[in-house]
């Protein structure tokens, strides 16, 4: 019984996601679904990305959080439209909540919509929001074994950002292990090794996302 | 409809959890449900704890992982009974899977059963496994805002371990923010500030868990 219901939930999620995707393609709004564990650096990545791309493109953000608007508070200084979805215990966003909040944006005046999903390396990777693509973020302090232990997200994502490379000298993180495990799961996925606090490696990420946005216009 | 089914799932989980708890009380086996984000240090905590308590008590471990037996491989050197539960995508353990694996242990020869839940700060806190108590583990590199943003676990847990305090000098982690947010959510919860790799603060944790085990006999 649970399985049948789960299938119904996923079917209904998929139908709504397809609708969202169609609408965003029509409006030429690229939607990036940013997924990571709690505290891997999603909000800091968005801060750096807003600073770099805020002049070139019209950005919007959906903040998914169980409770509080703390991440949105950190981002409001960039003066771009932000909508918070509090899931009240829910462990991921779904396409229905995204569909609802799209009404709060003027889609004719957006180039990109970043969705910061709830901090969770598992459940968000199973739900299509209608995004153009998923972006996997993982931090070195979580250990080099994450692609092998949590393969779904790394299979689903269009690119991986490995954050907090500035902390590698103080941990037992092994780049070779991480890269070779990732390759086994998703052979050609672009990998950006960055420090969102210090700035290392972000130019490659900015170049890549800029090209994606331009190609979507 | 989903809500009704969710209630059924939770009811059935609770019934089985109550059974598990009764059995473990009868057998005088303390069960600790260890919950954290991916990569916060659950396995390293269990390594240190096995080294310290392995001579004094009869330990057992249940390893919850989506896939792989990597964590169990790290722990097998301690020569204690370990059972792996691969959830195959599932984002948390439940009482039914715990009930099943109890059959693999000789409960008359155990004092403590540590359950390392799936790496997830959200879903595992909503499912009673029949544990004596939940233990919340969080690492400084995840940021000081985790109790406020993910309050459920910190409300449910009997103690909090704040791990990776050796990395604080390289981050913007603020102890006062963390401690005061935690206090708001769970005023009297014991907090152990530790480095499971370097050993700082672990004595207090060992003393506390030793007392809990002794009191359960």
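Bear in mind that the values in this text are calculations on the coordinates, not laboratory data. Because the structure is a prediction, the values reported are computed rather than measured. Neighbour counts run over all protein chains shown; Cβ positions are idealised from the backbone, glycine included.
Here is how the numbers come out for the structure above:
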{"quantity": "Inter-copy label distances at residue A:19 (7 Å, Cα→Cβ; nm, one decimal)", "calculated": "4.2"}
{"quantity": "Sequence-separation-based contact order of chain B, relative, with Cα cut under 8 Å and 6+ spacing, percent", "calculated": "25 percent"}
{"quantity": "Kirkwood Rh in Å, taken over the stretch B:98-217 so that all alpha-carbon pairs contribute", "calculated": "15.7 Å"}
{"quantity": "Hydrodynamic radius (Kirkwood) for chain B, which is based on Cα pairs only, to one decimal in Å", "calculated": "17.6 Å"}
{"quantity": "Pairwise Cα inverse-distance average, inverted: Kirkwood Rh of the stretch B:165-217 (Å)", "calculated": "12.9 Å"}
{"quantity": "Helix-derived mean residue ellipticity, 222 nm - over chain A, DSSP H n ≥ 4, -39500 (n - 2.57), to 500", "calculated": "-12000 deg cm²/dmol"}
{"quantity": "Principal axis dimensions, largest first and in whole angstrom, of the stretch A:14-58 by Cα", "calculated": "31, 29, 6"}
{"quantity": "Alpha-carbon centroid distance for the pair the stretch B:111-185 / the stretch B:17-58, whole angstrom", "calculated": "16 Å"}
{"quantity": "Largest-first ellipsoid semi-axes for the stretch B:66-159, taking √(5λ) over the Cα gyration tensor eigenvalues, angstrom", "calculated": "25, 15, 14"}
{"quantity": "Taking the convex hull of Cα positions in the stretch B:1-87, its mean projected area over all directions (nm²)", "calculated": "7.1 nm²"}
{"quantity": "Ratio of the Cα radius of gyration of the protein assembly as shown to 2.2 N^0.38 Å, where N counts its residues", "calculated": "0.99"}
{"quantity": "Förster radius 25 Å - calculated FRET efficiency between residue B:7 and residue B:86 (Cβ-Cβ, nearest 0.05)", "calculated": "0.40"}
{"quantity": "Computed FRET value (nearest 0.05) for residue A:217 with residue B:22, which takes r as the C-beta separation and R₀ as 56 Å", "calculated": "0.35"}
{"quantity": "Nm distances between copies for residue A:206, ranked from closest, using label points 7 Å along Cα→Cβ", "calculated": "5.0"}
{"quantity": "Inter-label distance for residue B:208 and residue B:55, nm, one decimal - labels placed 7 Å from Cα along Cα-to-Cβ", "calculated": "2.4 nm"}
{"quantity": "Förster radius 30 Å - calculated FRET efficiency between residue A:198 and residue A:133 (Cβ-Cβ, nearest 0.05)", "calculated": "0.70"}
{"quantity": "Cβ-vector label at 7 Å, residue A:133, separations to other copies in nm", "calculated": "4.7"}
